[in-house]
Amino acid sequence: MPEPIVAEEGEVFDIELEEDVLRRNREIADSNRRLLDEKGIVAIDVMGSVGSGKTAILESLSEALKGKYRIAVIAGDVTTSIDAERMRKRGIASIQVNTGKECHLDANLVAKALKALDLNSLDLIFIENVGNLICPAEFPLGAHKRMVVVSVTEGEYMVSKHPFMFMASQVAVINKMDMAKYMGVDPDSLEREAKRINPKITVVRTSAKTGEGIEELIGALGLKR
Ligand SMILES: Nc1nc2c(ncn2[C@@H]2O[C@H](COP(=O)(O)OP(=O)(O)OP(=O)(O)O)[C@@H](O)[C@H]2O)c(=O)[nH]1
Ligand SMILES: [Mg+2]
């Protein structure tokens, strides 16, 4: 088989421009973190591919946690407000951020969303990133934890193919466990692969449909019921 063509560093984009953008993003992420800490709010960046179940997991987590924490969701999406509406239907304050063509949220968009929320009346903010397993990894938002959601319906290679996302996260969720037997995907091998890429990552298996693993996920995120 012929060797794959690999882009040299700086070949695809102007590398200096990219470094400037990433540095500015980090500065704004640091300022988001300072603001959150000042207000005593914990923020969690929820990343993962399209349809892996990010919103469904946030629905389950919010339901389980809303007696204990005052929760809001910042929902990132390219164009629609569907996810923010889903959370609002459950009585969770929610702000939609549309990125237009961009495949990830950035710290500046999150800063804007934080301005629009009443931070004095919140304890916990979930930030649902745009559905994508590549771009969000490079753009920290100022959250205290980053979690990546994959699902067994995405097949057996989605962890190995996206190492940066697993390196950037503290918690990995393998969702749609109720579908594992139909898909013939082995969750043990997904977990092994995630831990090979990032030995410090905590892996939790969930089903947003049956509620499996939601309690364990609450613990893995450092939250309490
Ligand atoms: N069977 C099963 N279906 C699930 C589970 N979690 C989510 N789903 C379904 O998968 C589909 C996508 O779920 P979402 O929560 O919208 O996924 P998402 O990651 O937020 O998607 P985007 O925001 O579009 O990237 C929906 O039809 C959910 O009902 C699960 O654990 N088991
Ligand atoms: Mg969603």
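The values are calculated or read from the model by the stated rules, or taken from the named source; none is laboratory data. Since the structure is predicted, the reported quantities are computational estimates derived from the model, not experimental observations. Ideal geometry is used to build each Cβ from the backbone, glycine not excepted, and the neighbour counts take in all protein chains shown. Heavy atoms of the whole protein, side chains included, go into the accessibility calculation; ligands, DNA and RNA do not. Shrake-Rupley method; radii C 1.70, N 1.55, O 1.52, S 1.80 Å.
Side notes on the structure shown:
- Check on residue 35, touching a strand residue (DSSP E or B) at 6+ places or on another chain (Cβ under 9 Å), at pLDDT 95 or above and hydrophobic (A, V, I, L, M, F, W, C): no
- Matching residues, the stretch 185-213, being more than 17 Å from residue 145 (Cβ to Cβ), within 16 Å of ligand 1 (Cβ to nearest atom), touching a helix residue (DSSP H, G or I) at 6+ places or on another chain (Cβ under 7 Å) and not acidic (Asp, Glu): 185, 187, 205, 207, 208, 209, 210, 211
- Residue in the stretch 137-146 that is touching an Asp or Glu at 6+ places or on another chain (Cβ under 7 Å), in a loop (DSSP other than H, G, I, E, B) and within 13 Å of ligand 1 (Cβ to nearest atom) present: no
- Filtering the stretch 105-117 for residues that are under 23 Å from residue 214 (Cα atoms), open to solvent by less than 20 Å² (accessible area, probe 1.4 Å) and either at pLDDT 95 or above or part of a helix (DSSP H, G or I) (or both) leaves an empty set.
- The selection criterion, being under 19 Å from residue 172 (Cα atoms), more than 9 Å from ligand 2 (Cβ to nearest atom), of a type in the set (A, V, I, L, M, F, W, C) and within 14 Å of the chain's Cα centre (by Cα), does not hold for residue 56.
- Picking from residues in the stretch 172-201 that are loosely packed, with under 14 Cβ neighbours inside 10 Å and touching a residue at least 12 places away in the same chain (Cβ under 8 Å), the one that is farthest from residue 158 (Cα to Cα) is 200.
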